[in-house]
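The values are calculated or read from the model by the stated rules, or taken from the named source; none is laboratory data. Since we're looking at a predicted model, the values are computed, not measured. Cβ coordinates were reconstructed from backbone atoms using ideal geometry, including for glycine residues, and neighbour counts include every protein chain displayed. Surface areas here come from the heavy atoms of the whole protein model, side chains and all, with no ligands, DNA or RNA. Shrake-Rupley method; radii C 1.70, N 1.55, O 1.52, S 1.80 Å.
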Amino acid sequence: MENQHKQIANIQLHLSENCTDLEKEILQTYWEFNESELVNNPKFIRDKYNLRQSELTKLYTLAKISFYACCKNCNSYAHYEVNNHSVFLQLLQKLKNSKRNQYRCRECENISEIKTKEKRIKNHEELLNKLEQAIENKNWKNLSNFEKALLKNSLTMPFPNLKKHYENILGQSHYLKFIRALETLENHNLLILKKDPKGQIENHYYIPKLLKIKDQIITDKVHSKSKAYFNSETNELKLKLTINKEKFHPDSPLYAGTITFKKQIVINPDIEYIFAQWERANNNLYFTLIPISEFEKFPEQKPISKVPKILRQGIHEFFKNSGSNLDF
């Protein structure tokens, strides 16, 4: 069964001496070629000889084909032996592929693996040099307090714990801040992030040297001062509470800072007060406190649309005449 082909050459069938005449016939039919293409598939063999797949599989061990496959990389032939269609067809597919997964002989595969390993080692060494340089340059000094605290926590917590820690602190609505901060640390060559195929961070790494200088990563002191306003005539107190930018623990307060009252604040006992709070830009909180009795002193307002029609016409006429005489 000799055959010459550009990609596969010298195909030969080798049968075991223990084969019966029927087994030889089955295996010869199984390994029948037209050029380098298989003529019959396993289903055809099972149907023709009334075999189960398990019975046909046992026959595979009684025969093998040997052939030479051409390596386009080095333009030489390498010797192969296979005993079933599946392995042969996988090799044939590689031979037909001109680019990705192209067939290469064992020697070329070994050379390729060595080059890939050398490239991986080189890239790893370059990355280590960048991490070493980042530590030498103290790149953490360019980070915000939140990023510095995250870096220090990254050195003592495995990623699942780190992720859970900041989910508890920030909540789901602000969790993106944690991701962005991790990417900033990577951009400063202070951490290595491992991501899954979808781009989600699943782990982080650092070099041991960073752990040794952890105490040098110091957060800057930020004095966040709240503002207070007190109206002594209405006894209304207004406070602007600033967000706690150093909230690194679930039990830390969300709002914290210092406050200075420029005059005496009097909150009388047994007086019913109304209080309210509003969240504004940068997550600041506005709080107000005022006695209910003060609302009785407020003037009553009514929109023009609620006054009688005749009076409403007179008001509009007054506005019109008054506006025309204004000189800005």
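Of the residues making up region 166-201, those that are among the charged types (D, E, K, R) and closer than 20 Å to residue 131 by Cα number 5. Applying the set (1) hydrophobic (A, V, I, L, M, F, W, C); (2) surrounded by fewer than 16 Cβ atoms within 10 Å (Cβ to Cβ); (3) closer than 16 Å to residue 89 by Cβ to residue 22 leaves exactly one unmet item: (3).
If we scan region 200-222, do we find a residue that is assigned to a strand (DSSP E or B) and modelled with pLDDT under 80? For region 200-222, residues assigned to a strand (DSSP E or B) and modelled with pLDDT under 80: absent.
Does residue 151 satisfy the condition of being open to solvent by less than 90 Å² (accessible area, probe 1.4 Å) and within 20 Å of residue 209 (Cβ to Cβ)? Yes. Within region 171-199, restricting attention to residues that are among the small types (Gly, Ala, Ser) and assigned to a loop (DSSP other than H, G, I, E, B), which residue is nearest to the chain's Cα centre (by Cα)? For region 171-199, the residue satisfying everything is 199.
Filter region 25-80 down to the residues that are of a type in the set (Gly, Ala, Ser) and at pLDDT 85 or above, then identify the one that is surrounded by the most Cβ atoms within 10 Å (Cβ to Cβ). Show your work before the answer.
Of the residues in region 25-80, the ones of a type in the set (Gly, Ala, Ser) are 36, 54, 63, 66, 69, 76, 78.
Those still in the list that are at pLDDT 85 or above too: 54, 63, 66.
Numbers: 54: 7, 63: 20, 66: 13.
Ranking the candidates gives 63 first.
For region 278-299, filtering for residues that are at pLDDT 75 or above, open to solvent by 100 Å² or more (accessible area, probe 1.4 Å) and of a type in the set (D, E, K, R) leaves 0.
Each row is one residue, and each column tells you yes or no for (1) within 22 Å of residue 111 (Cα to Cα); (2) in contact with a helix residue (DSSP H, G or I) (Cβ under 9 Å, 6 or more places away or on another chain).
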position	(1), (2)
21	no, no
46	no, yes
63	no, yes
75	yes, no
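Residue 17 - would you say it is within 19 Å of residue 90 (Cα to Cα) and either in contact with a Gly (Cβ under 9 Å, 6 or more places away or on another chain) or open to solvent by 80 Å² or more (accessible area, probe 1.4 Å) (or both)? No; evaluated as a whole, the condition is false for this residue.
Let's see how each residue does on (1) small (Gly, Ala, Ser); (2) farther than 16 Å from residue 216 by Cβ; (3) modelled with pLDDT of 85 or more:
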| residue | (1), (2), (3) |
| --- | --- |
| 96 | no, yes, no |
| 109 | no, yes, no |
| 129 | no, yes, yes |
| 132 | no, no, yes |
| 149 | yes, no, yes |
| 153 | no, no, yes |
| 159 | no, yes, yes |
| 163 | no, yes, yes |
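Residues to consider are 230, 261, 275; find the one that is modelled with pLDDT of 75 or more, in a strand (DSSP E or B), open to solvent by 60 Å² or more (accessible area, probe 1.4 Å) and out of contact with any Cys (no Cβ under 7 Å at 6 or more places or on another chain). Before the answer, list the steps.
Working: 230 fails: open to solvent by 60 Å² or more (accessible area, probe 1.4 Å); 261 fails: in a strand (DSSP E or B).
Answer to the check: 275.
Scanning region 120-159 for residues that are in contact with a Phe, Trp or Tyr (Cβ under 8 Å, 6 or more places away or on another chain), more than 19 Å from residue 244 (Cα to Cα) and polar (S, T, N, Q) gives a single hit, 154.
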